[in-house]
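See below for the structure under consideration.
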Amino acid sequence: MPVAPFAHPRSQRRRTTRSGRLTAPIVVAAVVAAMIPLASVAPAQAASQTEFFSSFESDQAAPFADRVELAADGTPLQQNVEGPGGGSLLGSVKTVTASGENAPNEAAIWAADGNPGTKWLVFQPQGWLQYQLQNVATAVTYSLTSGNDAPERDPKQWVLKGSTDGSTWVDLDTQTNQTWADADRGVKKSYTIQTPGAYSYYKLDGIVNHSGGLIQLADWDLLAQVDPSAPAAPVSTGVATGPSSGYNMKARVGWTGTHSLRYAGEHSADGEASFTNRLFDVDVAVGATSRLS
């Protein structure tokens, strides 16, 4: 079952007024019956020797990223779950730029968040969208996901290009007369790259819509070749912006600021599922009146 967004920003505190000390990891763990959500909980800092709290903001210490807790036999403490996989390069995207955007809620960065509930929108009938990766990578396929409304804004044609320096571009794939049905909102379509190569920049150039003056795109994913014999990736944890949507929360904010913890994966088999990842190693004094809140 695919991952779904879920918001749960949270701060963590330990207090004490007596002697003693706690030296232990803080972990995030989940047990699910149907799916592992993309979550947002609230980098951590030691406020004093008697207190620890976390809100995951950029001026605080960062939590461990993707640090899976291991059992005594060295196996991951994860059951019936697996992390983001399929060769997606979205986790390697460093910067996102575009010919225009409708910031902040429909900015270019939302094309790279892996969430079909968000989108990039630009008030132009033609445009471009570009990713810079952290490292050189060879994408062999890519996918585009339609926006939530107005099918006339869907991309009709484009050229996928690659570059090693962001200036000199090589055409990798060309598509024309592409359509999504009116009811196909948030629907992903995949394409094979005709001439793949190792690049650190990828660009959807010459994007043209079907009609009107706007272009929209929910997601653009790049995918590398996957080794079918490789073990499944574990559930991942790391700092991200706050959740993009929810019934009773403000989008893209955390508990105290604009960041939160994001954990991502999916339920991979029948039955109960669980995972445990380490976030922080904590060393604070504790006593009879210590409190966790």
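Where a number appears in this text, it was derived from the coordinates with a stated rule and is not lab data. Computed from a predicted model, the values in this text were never measured in an experiment. Don't worry about glycine lacking a Cβ; one is built from the backbone with ideal geometry, like all the others, and counts go over all protein chains shown.
Miscellaneous remarks
- Fewest-first ranking of 278, 262, using other Cβ atoms within 10 Å as the exposure measure: 278, 262
- Amide proton proximity set for residue 140, modelled H, under 5 Å, gap of 5+: 223, 224, 225
- Largest to smallest principal axis extent of the C-alpha atoms in segment 173-263, angstrom: 45, 44, 26
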